[in-house]
Every structure is written in structure tokens, then in C-alpha cells.
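These notes are about the structure you will find just below.
The values are calculated or read from the model by the stated rules, or taken from the named source; none is laboratory data. For clarity, every value in this text was computed on a predicted model and none was experimentally measured. Cβ: placed from backbone, ideal geometry, glycine included. Neighbour counts: every protein chain shown. Quick note on the areas: whole protein, heavy atoms, side chains included, nothing else; ligands and nucleic acids left out. Shrake-Rupley method; radii C 1.70, N 1.55, O 1.52, S 1.80 Å.
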Amino acid sequence: MTAARPIETTPITAVVLTFNEERNIAACLDSLTPWTAAVFVVDSGSTDGTVRMAERAGVTVVQHPFETHAAQWQWALSKLPIATEWVIAIDADQRVTPELAAAIAGFVAAPGGAAGAYVNRRQIFRGRWIRHGGYYPKFLLKVFRRSRVTVDTADLVDHHFEVNGPTTVLRADLIEDNRNEAEIAVWTAKHNRYAVLQARQELAASSGPRAGATALFDSPDARVRYLKQLWARLPLYWRPCLYVFYRYVLRLGLLDGKQGFIFHVLQAFWYRLLVDVNIDELRARASPAPSADPSMETTGPIGVEAPRR
């Protein structure tokens with residue numbers, strides 16, 4: 001594949017969220033600064049070299065305390081002095097390929113009433129492109145008009161943007177490669193925390209409205225929401241087993257090699273199992289304790305009636 005031609009500055013602002021991202025931030029900013037009109041880094045108190053590296057790259061760094069990813073994005077999009085109509089929202093472990101930069105430039109310049117664009121994420125795990133298991137292509141809404149976007153603030157684990165208006169799909173890739181997770185202990189510790197939040201979120205969503213099957217033919221995000229609702233109806237503990245079989249066998253995750261085996265088993269089975277365990281525990285704590293039958297009160301060994309006073 002030949003490299004995309006160099007492009008001029010595109011009237012779009014990049015916003016990047018960071019916390020201790022010194023292993024990732026340079027590659028991220030290098031993929032943005034040559035072609036975007038401005039770059040904002042919203043940091044939440046990094047203690048490593050993240051802020052220093054961002055400032056050295058010539059971008060604007062703003063500090064804001066972190067609550068959830070969704071809340072941080074909500075604050076950034078509503079409070080930053082963004083001068084362009086178009087925004088690209090990027091995590092620090094992501095970088096834009098030249099082909100994607102060119103595709104975004106063409107999309108922004110084209111006439112029409114589109115409100116946003118999905119990009120194709122290429123997931124890298126411990127140096128390996130996870131190309132199978134239903135993980136590629138994976139489309140994320142990353143480019144949007146600031147005036148037409150909202151953030152799903154009910155999401156406790158990640159963030160999801162929604163736009164009011166038509167969208168398109170850009171086929172060029174956004175690379176996601178979190179170099180902080182080269183040590184597997186970092187990956188598992190993060191997902192252990194996420195499992196608790198995911199369990200709370202699934203329980204909260206179980207009482208909400210359900211999308212119809214027509215959502216399968218809507219936007220990529222609408223399809224994901226519908227499939228999550230189907231997932232929630234499956235029995236706990238069985239669904240991680242079914243999912244890893246689907247990913248690793250039926251969707252050929254086994255072709256991703258050793259790192260793919262680690263990724264699919266951890267991400268499709270181990271993480272989902274942790275979520276189910278947490279859901280089980282939350283339900284148990286929420287259930288009222290069984291009331292005691294006064295006629296069966298005992299203070300001694302089982303079956304020995306307690307003396308009456």
C-alpha cells in the first residue's frame with residue numbers, strides 16, 4: 001500500500017484525554033499535529049512525563065479531575081475553547097494513519113449535512129494486530145460536528161458519542177496500541193476495575209427500554225447496543241463460555257497467534273466472567289435477607305429448641 005499524499009491543515013480540532021501516558025502520547029500527537037487546526041490535551045493529574053511531552057509538542061494542555069471517561073469527554077466538549085465546527089476525539093493510545101488523515105480531510109471539506117463519521121479501529125495487543133475474532137473491522141464514531149454531538153454519560157466504563165444527523169463510515173484505520181499494557185499485569189488490573197463498573201452498568205441498564213431488531217441495520221453503535229441487550233438476557237456464567245467459543249473458533253480468533261490467544265481468552269472469557277461474578281454479588285447484596293421464623297428460633301445446636309424465657 002502506498003502512503004497517502006501529504007495534506008494541508010484541516011479545519012478540525014483534536015481532543016486527547018490523558019493520564020500517565022508518556023509511553024503513548026508522542027506517537028498520538030505526532031499523528032495529529034501536522035494536519036489539524038488545533039490540539040487540546042485534557043490531562044487528569046499525570047505524575048509522569050505526559051504533560052511535559054505534550055507541551056513540548058506545542059499543543060494546549062488543560063487539567064481537569066477525572067470521574068468517568070464519559071464525564072471527562074462531556075466536560076471537554078462543552079468547556080474547551082474549540083474554534084472549529086469539526087472535532088476528532090482521540091484516546092492517548094490511539095494514532096491516526098496518514099490514510100485516515102486524508103480521508104478525514106476529504107470528508108470535512110465535502111459539502112453536505114453529515115454530522116459525524118465512523119473510523120475503523122485497528123487493535124494492537126502486545127505488538128500483535130488483532131485481526132480476527134470479530135475485532136476487525138470495528139467502527140467507532142470519532143469525528144463529529146461539535147454542535148451536533150452528545151455523550152452517553154450513563155456509561156461507567158467507556159464513552160460513546162451520539163450525533164444528531166446522518167453519519168458516514170471512513171474505511172481508513174485508526175490504530176489503537178496501548179504501550180502501557182505491554183505488562184499483562186497492567187491490562188488485568190485495569191479490566192478488574194472495569195468489571196465492577198460494567199456489572200453496575202449492566203444491572204442499571206436491565207430495567208431500561210429495549211431497542212428493536214431493526215437496530216441491527218442502523219449505525220454501528222445502534223447494532224452494538226442491540227447486541228448488548230441480547231447479551232444481557234443470556235444466563236450468567238454460560239455467556240462467557242459461549243462468547244469465547246464464538247470469538248476464538250467461529251470468528252477465527254485462533255488465526256491471531258499466541259498474543260491473539262491471550263487476548264481473546266482474557267477479553268472474551270476472563271473479563272466477562274469477572275463481570276458475571278460481580279453481577280451475582282451485587283444481586284445477592286441487593287436481595288433482602290430471609291426473615292426468621294420465630295417458631296424455629298434456636299440458640300444451641302441445630303434441632304435443639306432454645307429454652308423459653
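Taking region 246-269 as the region of interest, how many residues are free of Cβ contacts under 8 Å to residues at least 40 places away in the same chain, in contact with a helix residue (DSSP H, G or I) (Cβ under 9 Å, 6 or more places away or on another chain) and either open to solvent by 80 Å² or more (accessible area, probe 1.4 Å) or more than 22 Å from Ala205 (Cα to Cα) (or both)?
Counting residues in region 246-269 that are free of Cβ contacts under 8 Å to residues at least 40 places away in the same chain, in contact with a helix residue (DSSP H, G or I) (Cβ under 9 Å, 6 or more places away or on another chain) and either open to solvent by 80 Å² or more (accessible area, probe 1.4 Å) or more than 22 Å from Ala205 (Cα to Cα) (or both) gives 2.
Identify all residues within region 65-76 that are open to solvent by less than 20 Å² (accessible area, probe 1.4 Å) and not small (Gly, Ala, Ser); write none if there are none. So that I can check it myself, show each step before the final result.
So the first thing to find is which residues in region 65-76 are open to solvent by less than 20 Å² (accessible area, probe 1.4 Å), and the list is 70, 72-73, 76.
Passing the criteria: Gln72, Trp73.
What is the one condition in (1) within 21 Å of the chain's Cα centre (by Cα); (2) open to solvent by less than 60 Å² (accessible area, probe 1.4 Å); (3) more than 20 Å from Val157 (Cβ to Cβ) that Glu22 does not satisfy?
Result: Glu22 fails condition (2) only.
Residue by residue through region 155-199, note down the ones that are part of a loop (DSSP other than H, G, I, E, B), open to solvent by 40 Å² or more (accessible area, probe 1.4 Å) and over 20 Å from Val16 (Cα atoms).
Asn164, Pro166, Glu183, listed by residue number.
Just for region 141-154: of the residues that are in contact with a helix residue (DSSP H, G or I) (Cβ under 8 Å, 6 or more places away or on another chain) and assigned to a strand (DSSP E or B), which one is surrounded by the most Cβ atoms within 10 Å (Cβ to Cβ)?
Checking each candidate, the answer is Val143.
Within region 102-145, how many residues are farther than 14 Å from Ile90 by Cα and of a type in the set (Lys, Arg)?
5
Per-residue answers, yes or no, for (1) surrounded by fewer than 18 Cβ atoms within 10 Å (Cβ to Cβ); (2) without any contact (Cβ under 8 Å) to a residue 12 or more places away in the chain; (3) among the hydrophobic types (A, V, I, L, M, F, W, C); (4) assigned to a loop (DSSP other than H, G, I, E, B):
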site: Arg95; (1), (2), (3), (4): no, no, no, no
site: Leu100; (1), (2), (3), (4): no, no, yes, no
site: Pro111; (1), (2), (3), (4): yes, yes, no, yes
site: Ala114; (1), (2), (3), (4): no, no, yes, yes
site: Gln123; (1), (2), (3), (4): no, no, no, no
site: His132; (1), (2), (3), (4): no, no, no, yes
site: Tyr135; (1), (2), (3), (4): no, no, no, yes
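Please work out if Thr9 is farther than 18 Å from His159 by Cβ, surrounded by fewer than 16 Cβ atoms within 10 Å (Cβ to Cβ) and without any contact (Cβ under 8 Å) to a residue 24 or more places away in the chain.
Numbers: farther than 18 Å from His159 by Cβ: yes; surrounded by fewer than 16 Cβ atoms within 10 Å (Cβ to Cβ): yes; without any contact (Cβ under 8 Å) to a residue 24 or more places away in the chain: no.
No.
Looking at Glu202, Glu176, Glu181, can you tell me which residue is within 25 Å of Arg223 (Cβ to Cβ) and more than 14 Å from the chain's Cα centre (by Cα)?
Glu202
Yes or no: region 290-306 includes at least one residue that is modelled with pLDDT under 95, touching a Gly at 6+ places or on another chain (Cβ under 9 Å) and not β-branched (Val, Ile, Thr).
yes
Which members of region 29-56 meet the condition of being outside any strand (DSSP E or B), closer than 17 Å to Leu80 by Cβ and open to solvent by less than 60 Å² (accessible area, probe 1.4 Å)?
Leu29, Leu32, Thr33, Ser44, Val51, Ala54, listed by residue number.
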